[in-house]
Amino acid sequence: MNPTQAYNLQLDPAGQLKHFLTVEGLSRDLLVKIMDTAESFASVTEQTVKKVPLLRGKTVVNLFFENSTRTRTTFELAAKRLSADVLNINIATSATSKGESLLDTIRNLEAMHVDMFVVRHAESGAAHFIARHVAPHISVINGGDGRHAHPTQAMLDVFTIRKHKGDFGNLKVAIVGDILHSRVARSEIHALNTLGAAEVRVIGPKTLLPAAVKTLGVTTFHDLEEGLENVDVVIMLRLQKERMSGAFIPSEHEYFACFGLTEKRLARAKPDVIVMHPGPINRGVEIDSQVADGSHSVILQQVNHGIAVRMAIMSMTMRPDLESSPGDKAL
Amino acid sequence: MSERIAIRGGHVIDPSNGIEGRHDLYLAEGRVVSLGTAPDGFTADRVISAEGQIVCPGFVDLCARLREPGYEHKAAIAGESEAAATGGITTLCCPPDTDPVIDTPAVVNLIRERAQQVGKTKVLPVGALTRGLKGKDLSQMSALKRAGCVAVSNAHAPMANTLVLRRALEYAASHDLLVVIRPEDPWLADQGCVHEGTTGTRLGLPGIPDAAETVAVAQVLALIEHTETRVHFAQLSCARTARMIARAQEKGALVSADVAAHQLHLTEMDIDGFNAMCHVRPPLRSSADRDALRTALKNGVITAICSDHQPHEPDAKLDAFPSTEPGMASLEMLLPLTLKLVDEDVLSLRQAIALLTQGPAAVMGIETGTLSAGVPADICIFDPESTWMVDGSTWQSSGRNTPYWGQTVKGRVTRTLLDGRVVFELQPNRR
C-alpha cells in the first residue's frame, strides 16, 4: 500500500467524497465546498420544519466504540434532518466486550443493509480499517479514532472560524493543551494549513506535544502568554483526567496555573480574538469560567454548527453529485 | 543419506573460506568432501547442475518463530520448516516465547525432535533467560544448555529490574552461554506500536522512541563492562544503537548484533494508511536509521541479517492498527531482501552471503555456514537473477502476513540441501 492509496480511500474516482476519514490529503476546494454546503444547511436548521429529504430511505448507523454525548447527538440530529433512519449502537457496552472482532461487528451490521457508518473508536486507524473492509455501497464517516483524527470536529471548527473571520490567509491560530493525545488538534492543524492560515501554533508542555509535531506544520510554544501574542483564534483542548496519572503533568492546579486560559492571558491576543473548545470543558482546569462564558467565546456556536457541518458531510459522501443548495429543497 | 552428490558448474561463494569462483562441489555421507576436484575414486550417484547459479552454504537465520508449541493456529514446525527450506535456510534459531516457554529441557527436546522428524531445516531452540520469561527468576540455564540450547534470551519480555538482568548475564556467562538481548526498555516503549517520528505523529499512533532501544543497550553494555559475558543484540532498529555497539566493540566488548531484513528496506513511511502488515517490533524507523543500519552492515558492526519471521493467522492483522499483532512472515523473503542490498550497491554479493552464513554461524558458535571439507553438507543453490511473485503459488509459510504479498522480487532458491539431502527443489515450471 502506498500513501496515495491511503488518502484516496476516501475519494471516489471522480475525486468526490466517498468516506470522510481524515482532513489530511483533501484539497482546499473540497474543504471550502463542505463549508459552503454546511452554510446552506444552516438555514435548514433554523426553519420550523428542520428536514430535507436528501437521505430519505437511507440508514445511518452511529457506531460508537467509545462514549460520547455531543458528537453522537449532533450526528444523530444531522442524519434525522436529512430524513435518514438512524440506529445508535454503543459497542462500549456491547458485542466486542463479548469478544466479537471489529470485522465481525461490521459484517453483521452490513447484513442489515445499512448505508452509512459513523464510527468512533479508541484506536487510531479504526475508521480507515472499516472503510477498507465495508461493502462498496457503504460510506464511513470518522467520528473520532484514537489520537488520529476527528475530521468533522475540525470542519465545524474552521466553519466557525470562517463565520467570524472570513478569510484564513491572515489568521494566527493557537491550539492549547494536550496535543499529544488529541485527534481534534491533528485534524484542525491539517484543515487550517490546507485552508492557508498564516500561522498555526501549538502551546503546551513538552510532555503533551508529539515528538515530531513541527513536521505537521506548526510552531511550538511552551509558554501560554508568549504563544497567545497577537493570535486571532484560540482553541483550547480538554485535559483528560487520566493524564494526571501518567506523569504528563503534576496536577490540575499546576496545569491551570501554567496553561489555563484566563481573561488576563487572553488580553495578549488580538482584541477580536475568538475562543473555541471542542468540549466538554473542564472549568478551572484548562479554561476559566469567565472566558468560557465571556464575549470572546464561541463554544456554543461550535456545537450548533456541528449539525449543519455534519449534514453537509453526510450528504456529500452519500450523494457525491450533490450541488450546494439543498436549502431550496426543504420540505 | 549416503548419496554421493556432485554439484557442477555453479558459482561457489563461501565467505568463510574466502572462496568465490566457478567450482564443482562434492558431497558424500551427508558432508562436504571437497571443492574443485573430485577425491580419488569419487563416483557421483547424482549430479546437480548449478550452471549460472550461486552455490553457497545454507543460510543461518538467528531469529524465526515457528509457533510450536502453543500457537499452532498461527503456524507449526512442519510448515515453517518447509518455508525455511524454500528460502534456503538450513539452520534457524527459534526464540523461547512459545507456550510453554522454552525454559525446560522437555520443551527443548520437543522442538528438536519435531524438527528432526520433519527434517527440512535444523532448528536450534534458544532457551529462556528467566523462568517463564517473567523476568524475575533465572531459568535452569545449565540444564537448557545440556538439552541443546545454543543461547538464552528473554525474547520480547521485559526483565523485572536491572539486578535480575545483571545476575542473569553473569549466570549465563558462568555457563558460557551467549545471551541474546532484544533491546527495548519496557517503560519507554509503553503502549507504543510505531516509531516515535513523523508518520506516527501524523497518524496519532502511540510511539516507541529510539531511546527505548538506546537505554536498553546502554544498560547491558554497562553491566557487562567488567565481565566476560557474551551478548548478542538482536534486531537493531536505530542508528544510535548501531553506533553504541560499534564503540563497545572497539573497546573490546564481546558483543555482536543482527538486523531483520525488512529493517534494511522499509521505514516508518511504509505504515502510512495504517498498513498493519508493516506493524513490526521493533518498529520501522526513519530512513536515516535504515541507512545507518546499512552502513553498520558494511562496516562489520552488524554481522548477521535475520528474517525475524513471525507468521500469523489472517485475523491477527485484521483490526485497527494498534490492536493488530506485530510481525511479518519472512523466511522466504530473507534471500530476496538481502540480495536487494546487492542490487542497491550496499553490499557485494559475497558480503551479502556472509551475512546469511558465516556471520550468524559465528555469533552462535556453530559449525555451519561454511563449505569446509568435513562439515555437514547444508547448501543453498540459488539464481540471483530469477524473479518471482510473492503469492500463494509458491509460498510455504502458514503466515501470509507480509507487506510484499503480490509484489515481484528477485533471487530464487532452486535447491536446498540438508546433510547432503535435497530438501527443497524448485519445480521447473516455477522458474
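Where a number appears in this text, it was derived from the coordinates with a stated rule and is not lab data. Small disclaimer: the values here were computed from a predicted structure and weren't measured. Neighbour counts run over all protein chains shown; Cβ positions are idealised from the backbone, glycine included.
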Full-extension gain in nm, A:Asp29 to A:Asn170, via 0.36 nm per residue minus C-alpha separation | 48.9 nm
Relative intensity, log₁₀ I(q)/I(0), of region A:18-159 from a Debye sum that treats every alpha carbon as a point, q = 0.16, 0.17, 0.19 Å⁻¹ | -0.87, -0.99, -1.23
Grab the Cα-Cα distance for B:Glu170 and B:Trp405, subtract it from 0.36 nm times how many residues apart they are, and report the gain in nm with one decimal.
-> 80.3 nm
Of B:Arg412, B:Arg247, B:Arg22, which has the largest mean-square fluctuation in a 10 Å C-alpha GNM of chain B?
-> B:Arg247
Over the Cα atoms of the protein assembly as shown, Rg to Rh with Kirkwood Rh, two decimal places?
-> 1.05
Please give, to one decimal in nm, the separation of the simple spin-label points placed at A:Lys163 and A:Glu263, each 7 Å out from Cα toward the Cβ.
-> 2.5 nm
Cα point-scatterer Debye curve for region B:1-81, base-10 log of I(q)/I(0) at q = 0.22, 0.26 Å⁻¹ = -0.96, -1.18
Sort B:His195, A:His296 so that the residue with the fewest other Cβ atoms within 10 Å of its own Cβ comes first and the one with the most comes last.
-> A:His296, B:His195
With N residues in chain A, what two-decimal value do you get for its Cα radius of gyration over 2.2 N^0.38 Å?
-> 0.97
Please sort by residue number the GluC sites (Glu not before Pro) in region A:1-90 whose DSSP state is loop and whose Cβ has at most 12 other Cβ atoms within 10 Å.
-> none
Entries in A:Lys18/A:Lys80; B:Lys120/B:Lys340; B:Lys340/B:Lys410; A:Lys51/A:Lys163; A:Lys172/A:Lys214; B:Lys74/B:Lys145 that, when Cα-Cα distance is taken, lie over 18 Å | A:Lys18/A:Lys80; B:Lys120/B:Lys340; A:Lys51/A:Lys163; B:Lys74/B:Lys145
Whole-Å semi-axes of region B:316-431's equivalent ellipsoid, largest first, each the root of 5 times a Cα gyration tensor eigenvalue?
-> 27, 18, 16
Among beta bridges assigned by DSSP with both residues in chain A, the antiparallel ones amount in percent, to the nearest 5, to 5 percent
For chain B, would you read off the P(r) tail past 41 Å as a percentage of all alpha carbon pairs?
-> 11 percent
Taking the Cα centre of chain A as origin, work out the dipole magnitude from +1 charges on Lys and Arg Cβ and -1 charges on Asp and Glu Cβ, in debye rounded to 20.
-> 440 debye
Relative to the longest principal axis of chain B, what angle (0 to 90°, nearest 10) does the C-alpha long axis of helix B:211-223 take?
-> 80 degrees
Assuming R0 = 56 Å, can you tell me the calculated FRET efficiency for the pair B:Ser142 and A:Glu110, based on Cβ-Cβ distance, to the nearest 0.05?
-> 0.45
Cα centroids of region B:261-330 and region B:8-23: how far apart, whole angstrom?
-> 32 Å
Once the Cα gyration tensor of region A:99-192 is diagonalised, semi-axes √(5λ) in Å = 31, 16, 8
Which angle from 0 to 90°, rounded to the nearest 10, does the C-alpha axis of helix B:239-250 make with the longest principal axis of chain B?
-> 70 degrees
Taking a ≥ b ≥ c as the square roots of the eigenvalues of the Cα gyration tensor, with a/c under 1.5 meaning rounded and otherwise prolate when a/b exceeds b/c and oblate if not, region B:69-191 is prolate
As a check on your grasp of the helix formula, calculate [θ] at 222 nm for chain B: sum -39500 (n - 2.57) over DSSP H runs of n ≥ 4, divide by the residue count, round to the nearest 500.
-> -8000 deg cm²/dmol
Relative contact order %, region A:151-303, counting alpha carbon pairs below 8 Å whose residues are six or more apart = 23 percent
Averaged over A:120-132, how many beta carbons belonging to a partner chain fall within 10 Å of each residue's beta carbon?
-> 5
Part-to-part distance (alpha-carbon centres) for region A:224-302 and region B:98-129, which is given in Å | 59 Å
At what distance in nm do the modelled label points of B:Ala222 and B:Ala288 sit from each other, each positioned 7 Å from its Cα along Cα→Cβ?
-> 2.5 nm
In terms of the charge dipole of the protein assembly as shown, which places +1 on Lys and Arg and -1 on Asp and Glu at the beta carbon, the residue among B:Val118, B:His195, A:Val213 farthest towards the positive end is A:Val213
Angle between chain A longest axis and helix A:70-81 axis [Cα atoms, degrees, rounded to 10] = 40 degrees
Can you give the charge dipole size of region A:215-271 about its Cα centre, rounded to the nearest 20 debye, using +1 on the beta carbon of Lys and Arg and -1 on the beta carbon of Asp and Glu?
-> 160 debye
Could you check what % of the DSSP bridge pairs in region B:58-364 are antiparallel, to the nearest 5?
-> 5 percent
Going by C-beta contacts inside 10 Å, put A:Asp36, B:Asp270, B:Asp258 in order with the fewest on the left.
-> A:Asp36, B:Asp270, B:Asp258
Over its Cα atoms, what ratio of radius of gyration to 2.2 N^0.38 Å does region B:152-193 give?
-> 1.26
Using a Förster distance of 35 angstrom, determine the FRET efficiency expected from the C-beta separation of A:Asn304 and A:Ala247, and round it to 0.05.
-> 0.40
Inter-chain shielding metric for B:137-149, i.e. average beta-carbon neighbours from other chains within 10 angstrom, reads 0
Protection proxy (average C-beta count within 10 Å per residue), highest first, orders B:282-288, A:195-201 as B:282-288, A:195-201
If you put +1 on each Lys and Arg Cβ and -1 on each Asp and Glu Cβ, how big is the dipole of chain B around its Cα centre, in Debye rounded to 20?
-> 380 debye
State the Cα centre-to-centre distance between region B:361-399 and region B:37-90 in whole Å.
-> 5 Å
Quotient of C-alpha Rg and 2.2 N^0.38 Å, computed over region A:151-303 | 0.94
